[in-house]
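One structure below.
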Amino acid sequence: MLDAAQLAALRQSLDTLVAGSASVTAHTDIYDLEPGHTPQAPKVRRIKTPHLHTPLFWDICKTPRLVGILTALLGPSGARLQSSKINLKEPHYGSPVEWHQDWAFYPHTNDDMLAVGVLLDDAFLENGPLLVVPGTHKGPVWDHHAPEGYFCGAMDPSRREVDFDGAVPLMGKAGTMSFHHVRLVHGSAQNVSDRARRLLLYEFAAADAAPLMGIKNLEQWNRQLVSGTPSNQPRMERVPVRLPLPPSPHQGSIYENQTSARNKYFQRRETAPV
C-alpha cells in the first residue's frame, strides 16, 4: 500500500517525534512511555494522535487508494478518521497488549468501523505482530471491566470466552496495511526479537456513525472526514453495546487502562537489555 518514498518519510517523521521524548519524564498528550524510560535512554511505546502533530500522517489518510478501500468496507456515507496512534515495540522489550475489542472503548450508533494497521517495519512472529481471532467480530461484545467494576480495557483470559489459541498473526512486509473490524478480538505479545516492530494505527468509522459517549469537539470531528459530508443524522443500528463506564482509574492509553486488569494472557519478560 505504501511505496519506498512514503515509507521512508513516515519513518523519518516518527524518528523526529520519538527524539522529542527525551524532554519528558512522564506520559503526555503525545507520548506514552515504556517502563524504564529516561531522558538519557528514551523508550516510547506509543505516539498518540500523530495526525495532529505531523501533517504527513494525516495526508496518508486521504490517499485515493486507501479512501477507496474504506468506501468499499464502510459504505457510501463516507469515512471519518476517529483517531490515530503508533505503537512501538523496540527489540526485546516492546510492551504487549492484552486481548480486547476496540468497540469496547468507543461504541457508536452503528458498527461500520474498522482499524487500519500500517506496518512501518516488517512484522513477523517474534517481534509481536497484531494477533486477531477470526470470526469474533460477529459475536458478543465481551466484558472489559475489572472485578471491581471499572473499565480496564481488557478481556479476562481465564474466562476463555474465545479461542485465543486460534489467533492469526498479521505478518507482512513494511508498507503493508491490514484492516480489521471494530468488534474483532485482538492483542499482541511482547517483542522478543532483535528487530523493531512499529505499527501505525488509524481508526475509521462510517461518516454516519456517531459516538454514544458524545462528541467533544464538533468542528474537529467534522474536519476528520476523509470522504462524505457532515450530517447531524446518524444511522442507528441494533448493535450490542457495553459502555466503558465507570472509567478506568488509569487513564491515558490502553496500556494504562490494562495495568488494572486482574488476569493477563501475555506475560512480559523482564530480561530486556539496558
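The set of residues in segment 108-127 being buried (at least 24 other Cβ atoms within 10 Å of the Cβ) and outside any strand (DSSP E or B) consists of 127 alone.
Any residue that is more than 21 Å from residue 90 (Cα to Cα), outside any loop (DSSP other than H, G, I, E, B) and of a type outside the set (S, T, N, Q) - is there at least one of those in segment 146-156?
Yes, there is a match, as at least one residue in segment 146-156 is more than 21 Å from residue 90 (Cα to Cα), outside any loop (DSSP other than H, G, I, E, B) and of a type outside the set (S, T, N, Q).
When you scan segment 91-105, do you find a residue that is among the aromatic types (Phe, Trp, Tyr) and under 25 Å from residue 217 (Cβ atoms), even just one? Checked segment 91-105: at least one residue is among the aromatic types (Phe, Trp, Tyr) and under 25 Å from residue 217 (Cβ atoms). Looking only at residues in segment 201-216 that are under 21 Å from residue 48 (Cβ atoms) and touching a helix residue (DSSP H, G or I) at 6+ places or on another chain (Cβ under 9 Å), the one that is surrounded by the most Cβ atoms within 10 Å (Cβ to Cβ) is 204. Take the conditions (1) within 18 Å of the chain's Cα centre (by Cα); (2) over 24 Å from residue 151 (Cβ atoms); (3) assigned to a loop (DSSP other than H, G, I, E, B); residue 95 misses just one of them, which is (2).
Against the list (1) in contact with a Lys or Arg (Cβ under 8 Å, 6 or more places away or on another chain); (2) surrounded by 21 or more Cβ atoms within 10 Å (Cβ to Cβ); (3) more than 18 Å from residue 156 (Cα to Cα), the condition residue 130 fails is (1). Please determine, by comparing only the residues of segment 221-271 that are outside any loop (DSSP other than H, G, I, E, B) and among the β-branched types (Val, Ile, Thr), which one is farthest from residue 145 (Cα to Cα). Filtering first and then ranking leaves 226. Selection of segment 186-211 for residues being hydrophobic (A, V, I, L, M, F, W, C) and within 26 Å of residue 226 (Cα to Cα) yields 199, 200, 201, 204, 205, 206, 207, 209, 210. Restricting 154, 115 to those that are closer than 26 Å to residue 171 by Cβ, of a type in the set (Gly, Ala, Ser), modelled with pLDDT of 95 or more and under 12 Å from the mean Cα position of the chain (by Cα) reduces the list to 115. When restricted to residues that are closer than 20 Å to residue 175 by Cα, exposed (fewer than 14 other Cβ atoms within 10 Å of the Cβ) and in contact with a Pro (Cβ under 9 Å, 6 or more places away or on another chain), segment 3-31 contains 0.
Which residue pairs have Cβ atoms under 7 Å apart, sit 6 or more places apart or on different chains, and have a first residue in segment 167-185 that is part of a loop (DSSP other than H, G, I, E, B) and a second that is among the aromatic types (Phe, Trp, Tyr) and crowded, with 20+ Cβ neighbours inside 10 Å? What qualifies is 182/103; 183/103; 185/99.
Scanning segment 157-186 for residues that are at positive phi and either buried (at least 17 other Cβ atoms within 10 Å of the Cβ) or in contact with a helix residue (DSSP H, G or I) (Cβ under 9 Å, 6 or more places away or on another chain) (or both) turns up just one, 175. Considering only residues in segment 32-46 that are more than 10 Å from residue 21 (Cα to Cα) and under 18 Å from the mean Cα position of the chain (by Cα), the one that is surrounded by the most Cβ atoms within 10 Å (Cβ to Cβ) turns out to be 46.
The values are calculated or read from the model by the stated rules, or taken from the named source; none is laboratory data. Everything quoted here is computed from the prediction, not taken from an experiment. Because the Cβ atoms are built from the backbone with ideal geometry, glycine has one as well, and the counts that use them run over all protein chains shown.
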